[in-house]
Amino acid sequence: CPVVLALKNSVAMPPPADIVKVAIEWPGAFPKLMEIDQKKPLSSIIKEVCDGWSLANHDQFALQHADSSNFYITEKNRNEIKNGAILRLTTSPAQNAQQLHERIQSSSMDAKLEALKDLANYSRDVTFAQEFINLDGISLLTQMVESGTERYQKLQKIMKPCFGDMLSFTLTAFVELMDHGIVSWDTFSVAFIKKIASYVNKFASDISILQRSLAILESMVLNSHDLYQKVAQEITIGQLIPHLQGTDQEIQTYTIAVINALFLKAPDDKRQEMANILAQKQLRSIILTHVIRAQRAINNEMAHQLYVLQVLTFNLLEDRMMTKMDPQDQAQRDIIFELRRIAFDAESEPNNSSGSIEKRKSMYTRDYKKLGFINHVNPAMDFTQTPPGMLALDNMLYFAKHHQDAYIRIVLENSSREDKHECPFGRSSIELTKMLCEILKVGELPSETCNDFHPMFFTHDRSFEEFFCICIQLLNKTWKEMRATSEDFNKARKRVMQVVKEQIMRALTTKPSSLDQFKSKLQNLSYTEILKIRQSERMNQEDFQSRPILELKEKIQPEILELIKQQRLNRLVEGTCFRKLNSRRRQDKFWYCRLSPNHKVLHYGDLEESPQGEVPHDSLQDK
């Protein structure tokens, strides 16, 4: 194109900062190359352009970008004009809005259709939108939707494509105009809402009408409490589900967006009812089959809506998370008793009254200690901190009932240890529940920019509880691998929880498609593996690969290795006391082992009790 070539040549040398070199088009005329002085008023520049083409009434003209946006240039956005841009001289926004306002009311169907198509395009520009809205254009469009469509529907049989396009452009223009936030959503009538809601059911085959109708319903619900109530009366989740079973990802995205909006704005009692519907296997199966697995590539907006749905579902746990346990509530205390019964006395009944009261109290206190509670006399006190409140107890009971073998194994395994490396189930469960709530952001509003959803949470109606069941077993395994002790639980908790969180987060980043796959990912992320990954990541950092660091490492490595060797030998010479295991794996007696000072012989022998200090090597019987 000669104009583009000339324009490129003209901008080869950069102009002064306030001067922008552009090309300006006008229909039927050869484009002008022009230098725009950004210090001059825009009206003066437009007058200069009009004078160049001998056009009168310059105040009825404006400049706009000649690209696909066609946005008007104003005093506010003129600084966005780039050197070498191609602009177009056109009618002013006010003139254009007035003309389109008249054209969309034409009695000619063809003229009306063309006008609505132009309106849908121009409405994306906030400058034009403000002028059209000033002419009460929104009211005109809503009237056309409320009453005009009946007249056009009579013509559907003979001109169905025309009717569909006309309604589609009308709704598109409405959506674009409302997106600018100039007009309040509270101004719309019930008749308009009913009409839009009816399109969701009637026009399932017309993608453009359905998509715009869903977008309007979502905005109504999100922007007005009154409109939420009216929309909720017209649209149910059951009516929306069929739209998830199609193949159009955009329709699926808008459908989930409407479900999310209804969920977000619903009162608490209604929200729980909606959650029960969302938890049903049928809906989860549809989302998994038709949305997550059927789409080869999920776009960002779809991922965001699935993330929002995930967050809103987990937010239903907030009430339990922030509810303290009442130590005097017998029903709540019965849950703790059930945990004790499943772990230690599966055959007994809750009302078993054998033995004296004092004997039973003593037995319960012993069992609650084995269960890993802080308060052995009244473990209900452990659940008075929020978060995680009663949610931790809910998780523990779910684990005990639905994964009974794993629960009993963990409790008995840790309650029978005598090496101080037991992992207290009760305290660990409370800490883990709190951490999982932080990871899944329970109680927080969804982020507007995040799209981090996890398919596995759509595979089970009790996905949070199942998530906990997998993670509590991971925590128990990692605790043992790190040889953490319960003596100083708070210190051990911080170290172990830090590793467990890293294990969980690394597994989640792989986006496992099921809870079983998540569990499998965790099996490959042992504590040893985490240490290797951390070391690898540290060594791959740029600083560690720089030449001075590598040279320093090479220089001091022999000295460091020798120091490590001497430290290990010194520790062996000092010796260590171990517990002896008998055939029943009870740890009753002790034995001591130490290396001789000349590093030639290991001396060892039995001891009656744990020594307070170092044991001389000549007092040990064997070597």
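FYI, it's all coordinate maths here, none of it is from the lab. Since this is a predicted model, take the numbers as computed values, not measurements. Backbone-built Cβ (ideal geometry, glycine too); neighbour counts: all protein chains shown.
At-a-glance table
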{"item": "In region 355-435, trypsin sites (Lys or Arg not before Pro) in a DSSP loop with at most 15 other beta-carbon atoms within 10 Å", "result": "417, 420"}
{"item": "Dipole in debye (nearest 20) - the chain, about Cα centre, beta carbon charges: Lys, Arg +1; Asp, Glu -1", "result": "1940"}
{"item": "Simple spin-label estimate for residue 612 and residue 375 in nanometres, 7 Å along Cα-Cβ", "result": "3.8"}
{"item": "Mean ellipticity per residue at 222 nm, deg cm²/dmol - from DSSP H runs of n ≥ 4 across the chain, formula -39500 (n - 2.57)", "result": "-18000 deg cm²/dmol"}
{"item": "Contour excess over end-to-end distance, with Cα ends at residue 162 and residue 179 and 0.36 nm allotted per residue", "result": "3.5 nm"}
{"item": "Helix axis angle, 93-103 relative to the chain longest principal axis, alpha carbon, degrees", "result": "80"}
{"item": "Relative contact order (percent, whole number), the chain, Cα cutoff 8 Å, 6+ residue spacing", "result": "7"}
{"item": "Highest to lowest packing among 55-67, 564-576, scored as the average C-beta count within 10 Å", "result": "55-67, 564-576"}
{"item": "Degrees separating the helix 404-415 axis from the principal Cα axis of the chain, which is the longest one", "result": "50"}
{"item": "FRET E, pair residue 541, residue 485, Förster distance 45 Å, beta-carbon r, rounded to 0.05", "result": "0.85"}
{"item": "Sequence ranges 233-239, 94-100, 120-126, ranked by mean other-Cβ count within 10 angstrom, highest first", "result": "120-126, 94-100, 233-239"}
{"item": "Contour minus Cα-Cα distance for residue 18 and residue 413 (0.36 nm per residue)", "result": "134.5 nm"}
{"item": "All aspartates and glutamates inside 15 Å of residue 565 as judged from Cα atoms, apart from same-chain residues fewer than 8 positions distant", "result": "574"}
{"item": "Contour minus Cα-Cα distance for residue 294 and residue 70 (0.36 nm per residue)", "result": "77.0 nm"}
{"item": "Pair residue 441, residue 60: separation of 7 Å Cα→Cβ label points (nm)", "result": "5.3"}
{"item": "Computed FRET value (nearest 0.05) for residue 579 with residue 319, which takes r as the C-beta separation and R₀ as 45 Å", "result": "0.45"}
{"item": "Cβ-derived FRET efficiency at R0 56 Å, residue 385 paired with residue 48, nearest 0.05", "result": "0.15"}
{"item": "Ranked by how many other beta carbons lie within 10 Å on average, peptides 132-142, 167-177, 102-112 from highest", "result": "167-177, 132-142, 102-112"}
{"item": "Label assignment, Cα extents along the principal axes in Å derived from the structure, set [x] 81, 58, 39; [y] 87, 62, 55; [z] 116, 72, 37", "result": "[z]"}
{"item": "Inter-label distance, nm, simple model (7 Å from Cα along the C-beta direction), residue 186/residue 550", "result": "6.8"}
{"item": "Cα-based helix-to-principal-axis angle, 207-223 vs the chain, degrees rounded to 10", "result": "70"}
